1. Scanning the stretch 68-77 for residues that are in contact with a helix residue (DSSP H, G or I) (Cβ under 8 Å, 6 or more places away or on another chain) and assigned to a helix (DSSP H, G or I), which turns out farthest from the ligand (Cβ to nearest atom)?
2. Given the options Gly130, Gly209, name the one that is in contact (Cβ under 8 Å) with a residue 40 or more places away in the chain, buried (at least 21 other Cβ atoms within 10 Å of the Cβ), of a type in the set (Gly, Ala, Ser) and away from the ligand (no atom under 11 Å from the Cβ).
3. Taking the stretch 30-60, which residues are away from the ligand (no atom under 16 Å from the Cβ), within 16 Å of Gly254 (Cβ to Cβ) and among the hydrophobic types (A, V, I, L, M, F, W, C)?
4. Checking the conditions here, which among Asn35, Asn80 is part of a helix (DSSP H, G or I), in contact (Cβ under 8 Å) with a residue 60 or more places away in the chain and in the same structural domain as Gly214 (by TED's automatic domain parsing)?
5. Being assigned to a strand (DSSP E or B), hydroxyl-bearing (Ser, Thr, Tyr) and touching a helix residue (DSSP H, G or I) at 6+ places or on another chain (Cβ under 7 Å) is the filter here; which residues of the stretch 287-346 pass it?
6. Would you pick out the residues in the stretch 263-282 that are of a type outside the set (D, E, K, R) and either touching a residue at least 60 places away in the same chain (Cβ under 8 Å) or exposed (fewer than 14 other Cβ atoms within 10 Å of the Cβ) (or both)?
7. In the stretch 152-161, how many are out of contact with any helix residue (DSSP H, G or I) (no Cβ under 7 Å at 6 or more places or on another chain) and within 11 Å of the ligand (Cβ to nearest atom)?
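The values are calculated or read from the model by the stated rules, or taken from the named source; none is laboratory data. In this text the structure is predicted, and so the values were computed from the model without any measurement. Here the Cβ positions follow ideal geometry from the backbone for every residue, glycine too, while neighbour counts run over all protein chains shown.
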Amino acid sequence: MSVKLPIYLDNNATTRTDPRVVEAMLPYFSEVYGNAASRSHSFGWAAEEAIDIAREQLAKVIGADPKEIIFTSGATESNNLAIKGVAEMYAEKGDHIITVVTEHKAVLDTCKHLEKDGKSVTYLGVGADGLIDLDELKAAITDKTILVSVMAANNEIGVIQPLKEIGAICREKGVLFHTDAVQAYGKVPLDVNDLHIDLLSFTAHKIYGPKGIGALYVRRRNPRVKLTAQIDGGGHERGFRSGTLNVPGIVGFGKAAELLMEEMESEITRLTALRDRMAQTIMDACDSCYINGHATQRLPGNLNISFEFVEGESLLMGLKDVALSSGSACTSASLEPSYVLKAMGLGDELAHSSLRFGFGRFTTEEEVDWVARKVISEVSRLREMSPLWELHLEGVDLSTVKWNAH
Ligand SMILES: *Cc1c(COP(=O)(O)O)cnc(C)c1O
């Protein structure tokens, strides 16, 4: 069977909006177009009713109450609101925040911003498996700590942090627990009460919904979490986030959540099988390849592999029919090796020569097989041209070679 090119395997970056989601959204552009905040007429009521349904659909996925869902423009804003909102609201209680070096930039840059404002931030490291050390977390908490922000699942390597243990530690110490759950929401079971999560960020475009709409779960009971609003205006969303609600986006977000709930169990099985098939095929055929991140505590739809003796950019070029991400992050001037892979102890070379495969709802077995074959042939083609690979085959230990300066 032939596959249609290009193949999309970058589902950790964004997902295709499910046609069922688009269909659910369409009436909310030019038929039901009221402002959900208009309380005096039926146009507004119809919009509000649609929002209420979406809030319920979204809350259900994480065992929350619909009233605890605050709409935002996406998870970047949710992370900003959660972290800055807590830092400002609880300033009298303390000024210390704990997070992790492998967080998304939306968390890290927010924390850096707060450091400039005089707050103090502890950045926990991770082990070679990408997971934090719980004893290190415990030791980092002081009587000035107001918030722990640890992501649920990592967007590059897919590892799932020990949320239940982190939640229990935070609860015991009386510290709020925020998690960036963008990659985990609806992909693996998550319950905010079971895990003692107080704030949780998520976004529609990573769950087959539209871009530009996200949400923040804010716990209302035991404890009731307060936040300082970051956007002031008409006092929408219980005063946490002003601005006219994006009704079509929210309807699509809700529909996307409903579909996730219906399909979560079967998708976990299907995506795990696809991921393992890809991993097995590649690892069986290629020497000197390494899977990054914890072997079992991970998302079904993510696989990250480093290919030694291969130049990452050349590999991506050879795979231009496949949408993938590499272990290099494009900054303005240069290609920086992934800070997530480096935090796990990978050297620059190995970090650069890594590929992230993100499988999703629309990924097929034929596509996985096509990509696996292509990766294997490209890796061997590039290695044939590599003098380092030749030395390696001759048994030279490259770490002992003294290179001439140039
Ligand atoms: C994509 C992503 C974000 C950013 O979400 P947006 O809705 O695009 O702002 C934040 N955190 C993680 C882990 C992500 O994967």
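1. Glu68
2. Matching residue, one of Gly130, Gly209: Gly130.
3. Listed by number, the residues that qualify are Val32, Ala36, Ala46, Ala47, Ala50, Ile51, Ile53, Ala54, Ala59.
4. Among Asn35, Asn80, only Asn80 is part of a helix (DSSP H, G or I), in contact (Cβ under 8 Å) with a residue 60 or more places away in the chain and in the same structural domain as Gly214 (by TED's automatic domain parsing).
5. Scanning the stretch 287-346 gives Ser306, Ser326, Ser328.
6. Met264, Ser266, Ile268, Thr269, Leu271, Leu274, Met278, Gln280, Thr281, Ile282 - these are the residues of the stretch 263-282 that are of a type outside the set (D, E, K, R) and either touching a residue at least 60 places away in the same chain (Cβ under 8 Å) or exposed (fewer than 14 other Cβ atoms within 10 Å of the Cβ) (or both).
7. 3
Yes/no per residue for (1) at pLDDT below 95; (2) under 12 Å from Leu58 (Cβ atoms); (3) in contact with a strand residue (DSSP E or B) (Cβ under 9 Å, 6 or more places away or on another chain):
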position	(1), (2), (3)
Phe177	no, no, yes
Asn193	no, no, no
His196	no, no, yes
Ile207	no, yes, yes
Leu227	no, no, yes
